[in-house]
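*Asks:* Structure incoming, see below.
Each value in this text was obtained by applying a stated rule to the coordinates, not by laboratory testing. As the structure is a computational prediction, the values presented were derived from the model and not from experiment. Using ideal geometry, Cβ is built from the backbone for each residue, glycine included, and neighbour counts are taken over all protein chains shown.
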Amino acid sequence: MSITRFELTIHLTTTSPLHSGGVDAMVDPTREGLDREVVATRFARDAHERPILTGRSVKGAVRAACARYLESNPESDVAAALKNAQASLWGDRGKKSPSGTPLRASALTFHTVEIPQTALVGSEPDESSNIERRETGSGDQSRRPALPRRVGIAMNRYWGAVGDGALFEHEFVPGGTELTLVITAEGVDGETTEKHARSTGKADNAPGGDTTAAAAPRPATAAEVKALLKLIVGLFQAGRVFFGGRQGAGWGRVELDEKNPAEFRELTLSNRADLKALLIPTDCDSSSSGTRLTPTDCGSSAGTRITITWNSPAGILVADPGLSQQDKAKRKKEREAALAEGGDVDDEPVPTVSLRADGTDDGTLVLPGSSVRGALRSRASRIARTVLVGALGHELDDWSKSGVGVHDQLAADPTLVRDLFGTTERRGALSVLDTLASSAGTCRTITHNAGDRWTGGVAEGALYSEEVHDVEWNAITLELDPNRLPADDNRRRAAWCLLGLVLAELATGTLPLGSRGTRGLGQVEVKGLTVTGLEWLGLPDGGTKSFKAGAGRSGRDVAKALLEHLRAVNATITPNAGADAAGWSSYLIDTEEKRNG
């Protein structure tokens, strides 16, 4: 029997924000007023309070990507090579056999990924140190490395305002951060099935006299481990591995470093040189073993990609309350210092500032994917519920009742909406990436005041202002994974029809983005819409569609062309057997057939 050790080092760069949750602080929802502040969802940290990606989190993401690829490509060479080795490579599923046979651990070890210092924005007080400082009366205050934070909200679908208790905040690693992932593995060769059975033991008391049911999985061979490592690098190369949470908002995207994607070592431990290379890696040339790791060709990332070219004549505002609070605190100190010295006090209001991609006050402006996704979902829900009530005559839950929160509304959304956007229990098929500004543009400050309804003058303390940037924006990018939709082809086409109707409304300019939409901000002018990867619709005219506005024309041209395409898709849909309706709308009705789809 010979043992082969492998070490694979993968150099990655984040292309979007990344959040991997750690231990969250408890939230008290009973607090009212100013005391009811948002509690940030923290990034995972080690014992020294350094942010990390845990090996368990990385392993889960990589294993899920491998499983999806092998399931969708069962006839590939790598699928054949790994067909009977999943338990040996990844370990048991965690259930012991009746005879008590020991479980087998994974052949692969995923090491913790440390977040580099370049991703940190400073330091913040350590909560545990604060508690100790308060108890002991000590003036020292320990600080821990801090990551930028992003605040988000959830809109109440009925009232159109922020839902009660629907303010959230996440620590994140910004895009452009370099990460290093190390995977070590072990393969065993020269051990036959019979020898393995003798070494693990057979269960004489196995149910039904089955003497093989209790046998633990055999060790993974070196060839199987190497094939899996090739697949892993290939999946990273194809952009099919996503880390952390909030993936529906476009987070967790990584790509290989083009200059130095991966380093690979293979040691058989059969001689002194290999043992020395294992124990003293600095004395070992990675190419001395004579092996090379050629990644598996996994093609491009599967799914449908929707690219929307657009601009906003009125300006987009997605506020960053964290930066605004910092400005207010700074202004307060300046005023206190001016009063103490008897100088003039600046009474100008602190403007609300726009969100930045890296969480700093001078980064690139960003329209978050979560904001666009929320607007699309809200409009999809309105369209679906309007069709159910108006055309189909169904009665729906009354969302205006007291106690109906945002999460209740999400759970009660029509089925096609849940298929596309998910619920609190299941991820949807649609992801929306962050949209960055393509130019610096100009900044203008808009000042508002609230009038006193009795005197007709300006209300006391009701003067406020907002910074709005007139910039050019990159294209909005949506990704639809048809494999996350139900297996029924008709229901998939129905979901595409609903999404298409939402995009048509966006193209007509009736769906604003960002905040302050009732004050004229957030207007959208769509110039073109391109869709790739629609082969799963089964239409004869291919899987790529392009809808563009003519010269000097509005986005209504885009909407008209898109609606013509949706009519063609709708004509191919077989109505849902349990619904008294036709076309895509029949799949809005929650029937037994659809629940089992």
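*Asks:* Please find the FRET efficiency linking S402 to L563, where r is the Cβ-Cβ separation and R0 is fixed at 35 Å, and quote it to the nearest 0.05.
*Replies:* Using R0 = 35 Å, I get an efficiency of 0.35.
*Asks:* Net charge within 15 Å of K548 by Cβ-Cβ distance, Lys/Arg positive one each and Asp/Glu negative one each, not counting K548 itself? Kindly include the intermediate steps, with their values, before the conclusion.
*Replies:* On the way: positive: K527, K545, R553, R556, K560; negative: E525, D557, E564.
Summing Lys/Arg as +1 and Asp/Glu as -1 gives +2.
*Asks:* Please report the net charge: other residues with Cβ closer than 14 Å to the Cβ of A249, K and R +1, D and E -1.
*Replies:* So the environment of A249 carries a net charge of +3.
*Asks:* Please give the residues of segment 48-90, grouped as numeric ranges, whose backbone N is less than 12 Å from a label point set 7 Å along the Cα-to-Cβ vector of S2.
*Replies:* No residues fall inside that zone.
*Asks:* In segment 66-93, which residues have a backbone nitrogen under 11 Å from the label point lying 7 Å from A223's Cα in the Cα-to-Cβ direction?
*Replies:* Answer for this model: 81-82.
*Asks:* May I ask for the net charge around T442, where only other residues with Cβ less than 13 Å from the Cβ of T442 are counted and Lys, Arg are +1 while Asp, Glu are -1?
*Replies:* That sum, taken over residues with Cβ under 13 Å, equals -2.
*Asks:* Roughly how many whole Å is it from the C-alpha centroid of segment 389-456 to that of segment 217-235?
*Replies:* 45
*Asks:* Now a separate question. So between E263 and D489, what do we pick up on full extension, going 0.36 nm a residue minus the alpha carbon distance?
*Replies:* So the chain would gain 77.1 nm between E263 and D489.
*Asks:* With the crude spin-label approximation of a point 7 Å out along Cα→Cβ, what separation in nm comes out for D590 versus T455?
*Replies:* Label at D590, label at T455, 5.3 nm between them.
*Asks:* Debye sum, Cα scatterers, segment 347-463, no solvent: what log₁₀ I/I(0) at q = 0.09, 0.15, 0.21 1/Å?
*Replies:* Evaluating at q = 0.09, 0.15, 0.21 Å⁻¹ gives log10 I(q)/I(0) of -0.47, -0.92, -1.08.
*Asks:* Hand me the GluC sites (Glu not before Pro) from segment 424-466 located in a DSSP loop with no more than 10 other Cβ atoms within 10 Å, in residue order please.
*Replies:* Loop-located and lightly packed - E425.
*Asks:* Mind running the shape call on segment 398-538? Use the C-alpha gyration tensor, a ≥ b ≥ c as the square roots of the eigenvalues: rounded below 1.5 for a/c, prolate if a/b tops b/c, oblate otherwise.
*Replies:* Oblate shape, in that a/c is at least 1.5 and b/c is the bigger or equal ratio.
*Asks:* Moving to a separate point now. Suppose the chain between A273 and A161 were pulled fully straight at 0.36 nm per residue; how much longer would it get relative to their current alpha carbon spacing?
*Replies:* Full extension of this stretch gives 33.5 nm more.
*Asks:* Place +1 on the Cβ of every Lys and Arg and -1 on the Cβ of every Asp and Glu in segment 461-516, take the dipole about the Cα centre, and give the residue among N474, L485, S515 whose Cα lies farthest towards its positive end.
*Replies:* L485
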